[in-house]
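Here is the structure we will look at, set down as structure tokens.
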Amino acid sequence: MVALSGFTQSAGTFPVLGVLLNPITDEFGWSHTVFTGATSIGTIIGGVVALVVGPMVDRVGARWILVVAFTALGASFVMMAGVTQLWQFYALQIVSRVSNMGMIALATQVIIPKWFVEKRGRAVALGSLGIMAGNAVTPLYVQYILGIWGWRWASASAGIVIWAMSLLPVAMFLRRTPEDMGLLPDGVTQEEMESRIAEGLNGGGAGNVGPEISLVLRQVVRLPSFYLLVAAFSLAFGVFPGLLLHLIPYLTEQGIDPSLGVWVVAVWSASGALGALVAGLLTERYGARLSLAASFVLMATGFWFLLAVDSIQLSLVWGAYMGVLGGGMMTFYQIIFADYYGRESLGAVRGVVWPVQMLTNAAGPLSAAVVHDLTGNYNLIFSIFGVLIMVASLCIFLARPPLKEAMASMEGTAVGGDGT
């Protein structure tokens, strides 16, 4: 269900919006800043909504949250086909981004870590294949329809696909946690779990020892690692949406036809599947922190590499390189909060983190648009993005996992609670 949700969610992500950016702004005479302003406002509001959605996922599960969100997301794309005024575009994009980033993205990234502990890495990696496949396929069919019938039919088609592929399966099959079905994480039996606890084994990966950590929100916010993780991912959530929304316009300015540039996005996403699988295995063996810090350093070089891209061949090589690293980053991201702080209040923890990340998610694309409109190109902002990812790498490196001694000293350490 998570993989399927990720596939359909991709219609509302920046790779697809990047396909629509130039045709819409050309028709109405809007600037890139005006277009991006709508997505930025919706993303910020989505971050506020996540403060409520996160604890709800912990308490009641994600099923009906996703049904409502996918209904609204599909409707926003279908209705966008009839847009004639700027306020209509803004209203629909705000609904789309709130549904996608404030509800779907948060909920789907919490589900799998709640179902797996020892095998969390590979499970998250497999679940991530859906969004990777969606980001590879959806821009291609949207660009294809756009080329034949225009952007309005392309937008409406994306909305219909969202409804057709997501609503019924999510409503029928999604459940909150394995315990709700009389199961335990990773499919282990009660006897196996008791034996592992008695032997001092931990399924959190990377050689941690002891029973699974389970902290409530008030404990998590006292830890330095929490703020370092928030800082790192907030930077990443600003930089990569900014790149993805403006990638096809950038390649177009480099002399690459949009019908070819969309294949760079497809290669990025397809190679991201490989990166996700590798990251899942690396996490189970070595932990997410050092692997992610190294990955960020390599990503920073990718931004500077992009400035030299001037042909479709070179851009495809760049897309494969960044795709592997990006797929790995998203896998590490979904794992590390659960590994550090446990499953029980994961939705509440992520719900608090989400508004900060959504603020930078809105700021990244908007800043890229503003700098482009002021300077006439993307060179300066992409160089800055590379520096910011280097800073994120340092934050991840410094964010050491909570020590067992610190956990033991905290009142109610082993209590899951509701995160309030």
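The values are calculated or read from the model by the stated rules, or taken from the named source; none is laboratory data. Worth saying up front: this structure is predicted, and the values here are computed from it rather than measured. Glycine gets a Cβ as well: all are built from the backbone with ideal geometry, and neighbour counts include every protein chain shown.
Just a few scattered comments:
- Assessment of region 49-57 against the conditions (touching a helix residue (DSSP H, G or I) at 6+ places or on another chain (Cβ under 9 Å), modelled with pLDDT under 95, hydrophobic (A, V, I, L, M, F, W, C) and assigned to a loop (DSSP other than H, G, I, E, B)) yields no matching residue.
- Within region 357-382, the residues that satisfy the criterion of being assigned to a helix (DSSP H, G or I) and more than 16 Å from Arg97 (Cβ to Cβ) are Ser367, Ala368, Val370, Val371, His372, Asp373, Leu374, Thr375, Asn379, Leu380, Ile381, Phe382.
- Taken as a whole, region 108-120 holds no residue that is touching a Phe, Trp or Tyr at 6+ places or on another chain (Cβ under 6 Å), closer than 19 Å to Thr43 by Cβ and not aliphatic (A, V, I, L, M).
- Matching residues, region 71-97, being closer than 23 Å to Leu168 by Cβ and either within 16 Å of the chain's Cα centre (by Cα) or of a type in the set (A, V, I, L, M) (or both): Ala72, Leu73, Ala75, Val78, Met79, Val95, Ser96
- Residue match in region 136-152 (condition: among the basic types (Lys, Arg), out of contact with any Pro (no Cβ under 6 Å at 6 or more places or on another chain), in contact (Cβ under 8 Å) with a residue 24 or more places away in the chain and closer than 30 Å to Leu20 by Cα): yes
Yes/no matrix, rows are residues, columns are (1) at pLDDT 90 or above; (2) under 23 Å from Ser383 (Cβ atoms); (3) among the hydrophobic types (A, V, I, L, M, F, W, C):
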position	(1), (2), (3)
Val297	yes, yes, yes
Thr301	yes, yes, no
Trp318	yes, yes, yes
Met322	yes, yes, yes
Tyr333	no, no, no
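Residues are listed down the side, and each one gets a yes or a no for (1) within 23 Å of Val391 (Cα to Cα); (2) surrounded by fewer than 22 Cβ atoms within 10 Å (Cβ to Cβ):
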{"position": "Arg285", "(1), (2)": "no, yes"}
{"position": "Ala288", "(1), (2)": "yes, no"}
{"position": "Leu292", "(1), (2)": "yes, no"}
{"position": "Thr301", "(1), (2)": "yes, yes"}
{"position": "Trp304", "(1), (2)": "yes, yes"}
{"position": "Ala308", "(1), (2)": "yes, yes"}
{"position": "Ile312", "(1), (2)": "no, yes"}
{"position": "Trp318", "(1), (2)": "yes, yes"}
